[in-house]
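All remarks here apply to the structure that follows.
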């Protein structure tokens with residue numbers, strides 16, 4: 001097989017993206033130069049932050065280019081190329097997803113152990129999403145044992161980890177919100193003390209019922225009404241780790257904003273935005289602790305897998321609509 | 001003189017308070033019991049946070065009671081009473097302002113040195129407002145030398161200290177906003193690198209012109225549009241110390257809220273509300289450093305003084321309207 005298929009950004013979405021914003025392009029399998037590897041991707045990740053990169057605005061990562069392949073986390077097998085420390089057959093994690101074969105600079109690849117966990121786990125529970133949950137909860141929000149935690153988007157890849165890590169680290173109460181009865185059911189099965197569907201009524205009222213004594217930590221994946229409700233529910237010296245605001249990534253108008261920020265003063269609250277890339281110093285500790293929890297069966301993770309590079313846009317759009325349980329992945 | 005006069009809260013304001021919400025009441029000068037002091041107040045403080053206490057809502061301090069004297073910071077002279085460590089003639093700082101004579105529990109009084117500074121300074125530059133500026137800037141926002149700072153309400157008691165302390169501690173650029181041309185002029189005289197009148201155009205545009213390279217630290221006294229503009233102007237890893245939101249204390253509708261909170265993520269910003277009461281551990285360091293700056297003539301402070309207990313409501317209302325330069329005080 002000498003044909004490679006990849007997904008290009010055909011046009012920049014206005015508001016919600018559609019299939020028309022993407023294009024499937026056939027190219028040739030690349031030829032490696034010195035220090036380069038050709039990786040046959042097995043899984044690629046679709047993540048909320050990618051929506052921001054489809055806009056042509058300055059941000060913490062440059063925007064995706066038009067008429068060029070998208071990129072993002074992927075894991076696959078080295079099939080060609082020579083570089084110190086790598087050999088054909090190695091399974092590597094790298095940043096050039098959205099294509100079947102990737103030409104990867106060896107410095108941008110990291111070998112992973114396929115015997116320790118299924119390779120897809122390196123894009124989910126043992127990968128960026130797991131570390132995002134771990135670092136946001138324990139470092140950014142500095143959750144301590146005995147504290148109460150609320151996480152929005154709790155059935156997603158990050159949120160489901162946040163809730164479980166909170167319980168394993170001694171949270172007194174963990175509350176999650178999600179977008180369907182099935183997801184709420186799943187949160188209860190994962191050990192959340194309370195969960196609710198945000199379609200069922202104002203978040204503020206549902207959160208008050210689920211955490212009548214308030215919360216110390218809020219892990220925000222959603223923004224907007226969820227953030228306002230969490231600020232209202234937070235106890236003195238509460239901390240919010242702001243990880244995502246998926247409610248507004250596709251907004252064409254300025255989104256609803258919390259009108260109760262004056263509560264930050266009297267309650268001495270902290271809102272802190274973060275990116276996982278700033279917390280790489282926790283990676284070793286995270287992998288060790290998470291691998292132990294996995295080995296002992298103390299943590300569960302969900303993956304929603306879509307097959308085929310041609311369906312990657314569909315997977316991405318479904319993730320934005322919340323159709324995934326746990327981590328949304330594309331198997332190639 | 002055996003008559004005491006004090007100001008009672010006659011009714012709870014809806015929106016902006018008026019003179020009708022206050023009542024001047026004549027009582028008798030109190031008689032001290034064991035451990036109590038009678039203090040003839042010389043100066044009393046009027047502060048923005050008092051507006052919140054006029055509402056009947058749960059907050060970090062209990063609401064003022066109706067038909068009872070208001071309270072707040074005051075400094076005066078002990079005229080009667082016996083308590084260890086106090087003698088008639090001592091000048092003390094305490095929490096029972098809004099009256100000419102206060103019956104103070106000695107445990108709630110702190111002796112101050114009238115030779116070190118004018119006694120009013122213990123309510124302003126050397127007192128709670130000075131410490132608020134110091135703690136918010138250096139502890140909450142953790143300003144480092146070389147950073148750029150924006151402070152709103154910069155001609156007020158706290159704001160004018162924030163800007164000057166920032167310069168003295170090595171800020172690369174200090175920008176202030178205020179509400180009149182005279183205040184802007186004063187900020188320039190105090191050493192602010194740039195200052196603007198927020199009536200002159202959108203805060204966002206004026207801030208961009210005043211700090212084209214952005215700011216690392218925002219000290220918020222105002223909230224609303226100022227906070228949104230500051231979030232937009234903040235650099236990576238910027239910190240905002242949220243001290244007050246005077247723009248909305250008298251609002252009867254939910255206030256404008258920053259619609260750009262998603263920037264917290266990509267820029268890894270922190271918004272942190274605080275109350276000076278949590279930062280008492282800095283008091284000694286603060287007094288030492290501030291007294292040195294005062295002695296060396298390196299810091300200036302403004303006081304706007306209104307005479308007579310009967311004019312205390314007028315002073316309070318004027319402060320809410322921003323008629324003061326620096327600290328608003330009532331001389332009794």
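At a glance:
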| quantity | calculated |
| --- | --- |
| Ascending list, in nanometres, of distances separating the residue A:256 label from those of the other copies (7 Å, Cα toward Cβ) | 2.1 |
| Chain A - Debye-derived log10 I(q)/I(0), Cα point model, q = 0.07, 0.14 Å⁻¹ | -0.29, -1.11 |
| Relative contact order for the range B:128-277, counting Cα pairs under 8 Å that sit 6 or more residues apart, in percent | 23 |
| Cα shape, the range B:128-277, gyration tensor, a/c 1.5 rule | rounded |
| Residue mean of other protein chain beta carbons inside 10 Å, A:218-226 | 1 |
| For the range A:90-132, the fraction of alpha-carbon pairs in successive 10 Å shells from zero, as % | 27, 57, 17 |
| Theoretical ellipticity at 222 nm over chain B - DSSP helices of four or more residues, -39500 (n - 2.57) apiece, nearest 500 | -6500 deg cm²/dmol |
| Calculated label separations, residue B:170, copies of the chain, 7 Å along the beta-carbon direction, nm | 3.7 |
| Whole-number percent relative contact order across chain B, with pairs defined as alpha carbons under 8 Å at least 6 apart | 17 |
| Cβ-based exposure ranking for B:31, B:132, B:270, A:252, in which fewest neighbours within 10 Å come first | A:252, B:31, B:270, B:132 |
| Label distances, nm, residue A:63 versus same residue in remaining copies, Cβ-directed 7 Å point | 5.0 |
| Percentage, to the nearest whole number, of Cα pairs in the range B:1-70 over 15 Å apart | 63 |
| Fully extended contour minus Cα-Cα distance, from residue B:68 to residue B:144, at 0.36 nm per residue | 22.9 nm |
| The range B:142-211-the range B:264-308 distance, computed between alpha-carbon centres (Å) | 15 |
| The range A:128-277: antiparallel DSSP beta bridges as a percent of all, rounded to 5 | 0 |
| Sequence of B:27, B:129 once ranked by neighbouring C-beta atoms within 10 Å, starting from the fewest | B:27, B:129 |
| Among B:307, B:115, B:47, residue whose mean-square fluctuation peaks in a GNM of chain B (springs only between Cα atoms under 10 Å) | B:115 |
| Choice from B:226, B:237, B:281 showing the highest fluctuation, given a GNM over chain B with Cα pairs closer than 10 Å | B:281 |
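Read-outs: derived from the displayed coordinates by stated rules, not from any lab. What you are looking at is a predicted structure, and each value in this text was computed from that prediction instead of being measured. No Cβ is skipped: glycine too gets one built from the backbone with ideal geometry, and neighbour counts run over all protein chains shown.
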